[in-house]
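The values are calculated or read from the model by the stated rules, or taken from the named source; none is laboratory data. Everything quoted here is computed from the prediction, not taken from an experiment. With ideal geometry, Cβ positions are generated from the backbone for all residues, glycine too; neighbour counts draw on all protein chains shown. For accessibility, only protein heavy atoms count, side chains too; no ligands or nucleic acids. Shrake-Rupley method; radii C 1.70, N 1.55, O 1.52, S 1.80 Å.
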Amino acid sequence: MRTHPHLYEISAWPWLERLSSRSGRRVTLIDVPGAEWDAIAATGMDVVYLMGVWQRSAVGRTLARTDLALLGEYDRALPGWSMDDVPGSPYSIQAYQPEARMGGWAGVDAARAALAARGMRLLLDFIPNHLGFDHAWIGAHPERFVQGTLDDYRAAPELFRPIESPDGRTLRFIACGRDPFLPPWRDVAQLNLFNPETREALVGELAAIARHCDGVRCDMAMLALNDVFARTWSERVDLLWRQPEREFWPDATARVPMIYLAEVYWDREYQLQQQGFHFTYDKRLLDRLRHGDAGRVRGHLQADPAYSARLARFLENHDEARSADALDGRVRAAVVLTFTLPGLRFFFDGQFAGAAVRAPVQLGRWAPEPDRPEIRELYARVLQALRDPLFHDGSWSLLDVRNAGDGTHGNLIASAWRLDRQLAVIAVNLSGRESHGFLDIGHLPPGDAFDLVDALTAARYHRTRADLENGLYVGLNAGDAHLLLLEGD
């Protein structure tokens, strides 16, 4: 896998429904047309993340089909939807076994083989914090979950779900999954991560998953950290097991080696990198891009290079708003900046065509949307440029931008990639106004004159060595960008 790999997330159920509709037959992962995998490989992807392959909880499905807030979301995303369009949440898992809709294990294995034949790897979901209320452990190993009493249930009925034991003689109050900042998730049962048996069982699930894929995207990975779990369940921690001396993730990632990607927030990215994760979400960058604050983005990009190279850079995923509209006229600048940074470059199904609708994960079908030719062309040009080893094996640096006379240079962010005699210069304008500045490029390859070719437009700019040493002048319209490749005479 390349040093700065590309990942493509697919919501597996809606994708298979789309392929089935297009081909006029029921398509599972076993018989995805080779042309579909070829098309993904042609975009330069290294990893495909199939989101939502595991067996979904029937309890969670009922809740997904009756939650009033979700029903409104379905109306927005898929007008005319039916109950058959709601298979339930892929994060309320009944078993770490592939859904029949996926084609079972044969389907997952077929997808992995098809990807491997094209030089790509497969990632699947792993959820360390919770499971569906109908998972086998609920009846067979209730001690693996956080539990309460009847009095706890009376005091906080939204936090617990009464569960009858298989023999009907015991009523347990299993806690709903949660993080410390949100209401409980009513469709999932909270695992007791301080119970050594729970940890051992989770590592066993990881080992079983690893036989069928090359890595996992770990949902809300920071919830498994000892101090986070203790704070989330502070009112019950004395009734659970003692806080372990060791963290969960270092043991898990060492015992089950594969690619680990963490969904992580709250400034816990570095901590999880130190605990064995190869890549961690960079949500902070997206938030700053949405606000169009170049100064804060620039500050974020000054982080330690070893840390930055392990961040997952994204503008979309299944939890985020679609970027073509959410970035409010800055999508061109955001795409060029984000996906020319070091780290894992993370793309989402529909992003290349400019999809506008973020569908709830509980839906198994997406409404068709028209392509936006300007968005498709933008991604085609960026991805073509990124095929060059320069953007994977080269060294990246942030460039200084100097005043060009009107004080707007602070709206610009510029960077460079270098590899041997190759040089690429990236400049973006994150503001809502035309902006100008001089870029201090630094070291240049040998030569007295150069052509700078913009990969976005094919425009060619001739500059002498003296011109560039004095600073490359850049003027960009609001939300615009340059991706300049240096060619010598």
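Annotations for the structure displayed:
- Ordering 105-117, 77-89 by mean Cβ neighbour count within 10 Å, with the highest value first, yields 105-117, 77-89.
- Calculated SAXS-style log₁₀ I(q)/I(0) at q = 0.13, 0.20 Å⁻¹ - the range 1-126, Debye, Cα scatterers: -0.58, -1.17
- Entry comment: accessible area of the range 296-431 is 36 Å² per residue, from protein heavy atoms only and a probe of 1.4 Å.
- The largest accessible area among His462, His130, His278 belongs to the first residue in His462, His278, His130, and the rest follow in falling order (1.4 Å probe, all chains).
- Environment charge of Gly394, counting only residues whose C-beta is closer than 15 Å and scoring Lys/Arg +1, Asp/Glu -1: +2
- Largest accessible area first, the residues Tyr307, Tyr461 order themselves as Tyr461, Tyr307 under a 1.4 Å probe with ligands, DNA and RNA left out.
- Across the chain, the relative contact order, built from alpha-carbon pairs under 8 Å that are at least six residues apart, equals 14 percent.
- Antiparallel content of DSSP bridges confined to the chain, in %, to 5: 65 percent
- Each Lys or Arg adds one and each Asp or Glu subtracts one; over the other residues with Cβ under 9 Å from the Cβ of Phe339, this totals +2.
- Solvent-accessible surface (1.4 angstrom probe) belonging to Arg18, in square angstrom, nearest 10: 80 Å²
- Using the Cβ of Ala114 as centre and a radius below 11 Å, the other residues enclosed give a net charge of -2, where K and R count +1 and D and E count -1.
- Where the alpha-carbon atoms of the range 319-367 are placed on the principal axes, they occupy 33, 24, 16 Å, in descending order.
- When the Cα gyration tensor is reduced to axis lengths a ≥ b ≥ c, the ratio a/c is 1.5 or higher for the range 138-208, and with a/b not above b/c it is classed as oblate.
- The residues of the range 1-121 present an accessible area of 39 Å² per residue when probed at 1.4 Å with all protein chains retained.
- Percent carbon-and-sulfur accessible area, the chain, ignoring ligands, DNA and RNA, probe 1.4 Å: 50 percent
- Rg ratio for the range 246-292: its Cα radius of gyration over 2.2 N^0.38 Å, N being its residue count, equals 1.33.
- Labels on offer are [x] 64, 58, 40; [y] 95, 46, 36; [z] 86, 54, 40, and the one holding Cα extents along the principal axes in Å computed from this structure is [z].
- Computed over protein heavy atoms with a 1.4 angstrom probe, the accessible surface ordering of Arg65, Arg154, largest first, is Arg154, Arg65.
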